[in-house]
Amino acid sequence: MIQPREYARRRKQLMRMAGNDAILILAAAPERVRNNDAHYPYRQDSDFHYLTGFPEAEAVLALVPGRAAGEVILFCRERDPERERWDGPRAGTEGAVARYAMDDAFPIEDIDDILPGLIEGRERVYYHFGRDVDFDLRLMSWVNRLRAQMRHGVRPPHEFVALSHLLHDLRLFKSRAELSVMKQAAQIAAAAHRRVMQTVRPGMNEHEVEAELLHVLRRHGAVPSYEPIVGGGANGCVLHYRANNAPLRDGDLLLMDAGAEFDCYASDITRTFPVNGRYSPPQRELYDLVLAAQLAAIDEVRPGRPFDAYHEAAVRVLTRGLIRLGLLSGTLEKNLRDQTYRDFYMHKTGHWLGLDVHDVGDYRIDGEFRVLEPGMVVTVEPGLYIAPDARRVHARYRGIGIRIEDDVIVTDGDPIVISDGVPKDADEIEALMAAAR
């Protein structure tokens, strides 16, 4: 659990970056209707959570650097016993100050009267335009109200700046407390993957496998960090497979891409394993190749290396192996230059990880891939996907989809794999599955 003092430290750091002539405004995520009057489970906006830890909807954070009466102001719902009887307890304005370390808090209903006065006199407004059109219009109405009073000496802001310009680079570097939560998320997801390996059998359906996964996540107080991919056989060749409703056949591989979200932080793990507990010879050939590529890539997740270095390492190993297995022909360098591997490996090898599965942060600076630094967290996820109708490929390999994905912390030295609680060596996977049988 991240403590209120860390959220306060983040806010102070952001305000220092913005300067005393700025105001920063951030709205909580709105509730979303799923169907008729039923809502999707509420999940707070990641940036709002990063700065507040406040879990409720209908809230707005205003950071006003240098304001003598208080720099950190939250507008939120007041306590309401009648609504709380239906929807659960609220923090209220008093709880926002006492529990979430706000300098002051006001009822959300009073925002039209108070927030324009906080904006007045500030040179710049940092804000996420385009996320919430309704709130965009409200903000502009406040600014236009100030502009209409310029002849009376009112000073509206002169500049609007994307809040992400400052905030998302902060989020890219994880604190010790954040890394601790992310390790928990990875451990929960790893336990779910192990449970599936131990329970899967030919004849089960993909949705039964998903149910085993969800059981472990919810048992440990987590939710899926994204819609799980549970693809048996050729379904594993569909990169964003979503149906999860096909029977699992003897001899199939099962590709499961599933992570846990714990305290809003994500893990992201993929394993590919045999439904019957034993890899066939062609499955093992391709699997060992993907694993070798992943290990080579993880070894490049080091400080001072450019972000694309670990992708290039994976591509080189995969291409060399595809030539050796006869799926590609010609020299290694020519295949790399022509990117022929993209017939079988068409995505990048990883992404930032944090509050979002595909976390925020620039991958390039001034056109060049940014250098990895301690505190960053990435996924490493090479794969091979041999389409069922790949006629130029020997039939023994067709319809095989394999991906292996882990979550890796960049440190001062060797990379730390925080998702290593689930096996990925083929012999270890087979041993785990055999023991469960």
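The values are calculated or read from the model by the stated rules, or taken from the named source; none is laboratory data. Small disclaimer: the values here were computed from a predicted structure and weren't measured. Backbone-built Cβ (ideal geometry, glycine too); neighbour counts: all protein chains shown. The area values use the complete protein model at the heavy-atom level, side chains included, leaving out ligands, DNA and RNA. Shrake-Rupley method; radii C 1.70, N 1.55, O 1.52, S 1.80 Å.
Applying 0.36 nm per residue to the separation of E159 and R43 and subtracting their alpha-carbon distance, the gain on full extension is 38.7 nm. Charged neighbours of R398, selected by a Cβ distance under 11 Å, balance to +2 (K, R count +1; D, E count -1). Sequentially through segment 241-248, phi angles give Karplus couplings (6.51, -1.76, 1.60; θ = phi - 60°) of 4, 10, 5, 6, 9, 9, x, 9 Hz, Gly and Pro residues having no value and appearing as x.
This model, with +1 at the C-beta of Lys and Arg and -1 at the C-beta of Asp and Glu, gives the chain a dipole about its Cα centre of some 760 debye. Among R218, R342, R34, the largest mean-square fluctuation in a Gaussian network model of the chain, built with springs joining Cα atoms closer than 10 Å, belongs to R34.
Dipole check for segment 1-136: with +1 at the C-beta of Lys and Arg, -1 at the C-beta of Asp and Glu, and the Cα centre as origin, the magnitude is about 800 Debye.
For the chain, the relative contact order works out to 13 percent when only alpha carbon pairs closer than 8 Å and six or more residues apart are counted. A viscosity of 1.567 mPa s and a temperature of 4 °C, combined with the Kirkwood radius over Cα pairs in Stokes-Einstein, give a translational diffusion coefficient for segment 226-299 of 96 µm²/s.
Across M346, M197, M140, mean-square fluctuation computed from a Gaussian network of the chain (C-alpha pairs under 10 Å connected) peaks at M140. Here the relative contact order of segment 384-436, from alpha carbon pairs under 8 Å that lie six or more residues apart, stands at 22 percent.
Two tests apply to each whole DSSP H helix in the chain, Cα reach of 24 Å or more along its axis and mean Kyte-Doolittle hydropathy of at least -1.0, and the ones passing both are 176-199, 281-298. Relative intensity of segment 344-437 on a log10 scale, I(q)/I(0) at q = 0.15 Å⁻¹, equals -0.82, per a Debye sum over C-alpha point scatterers of equal strength in the absence of solvent.
Largest first, the extents of the alpha carbon coordinates of segment 103-225 on the three principal axes equal 77, 31, 25 Å. In this structure the amide hydrogen of R305, modeled in the peptide plane, comes within under 5 Å of the amide hydrogens of L372, none closer than 5 places in sequence on its chain.
Below 8 Å, C-alpha to C-alpha, sequence gap of six or more: please give me the relative contact order for segment 11-62 in percent.
Relative CO of segment 11-62 lands at 43 percent.
Solvent-accessible surface of the chain, taken per residue with a 1.4 Å probe and all protein chains present: 46 Å².
For the chain, a Gaussian network of Cα nodes joined below 10 Å ranks P81, P224, P157 by mean-square fluctuation, and the top entry is P81. Each Lys or Arg adds one and each Asp or Glu takes one away; over the other residues whose Cβ falls under 12 Å from the Cβ of R302, this sums to -4. In the chain, the portion of solvent-accessible area held by carbon and sulfur atoms comes to 48 percent [1.4 Å probe, whole percent, DNA, RNA and ligands not counted]. How much FRET efficiency would the formula 1/(1 + (r/R0)^6) give for D299 and A148, where r is the Cβ-Cβ distance and R0 is 51 Å, rounded to 0.05? Rounded to the nearest 0.05, the efficiency is 0.25. Positive contributions from Lys and Arg (+1) and negative ones from Asp and Glu (-1), summed over other residues with Cβ under 12 Å from the Cβ of R201, come out at -2.
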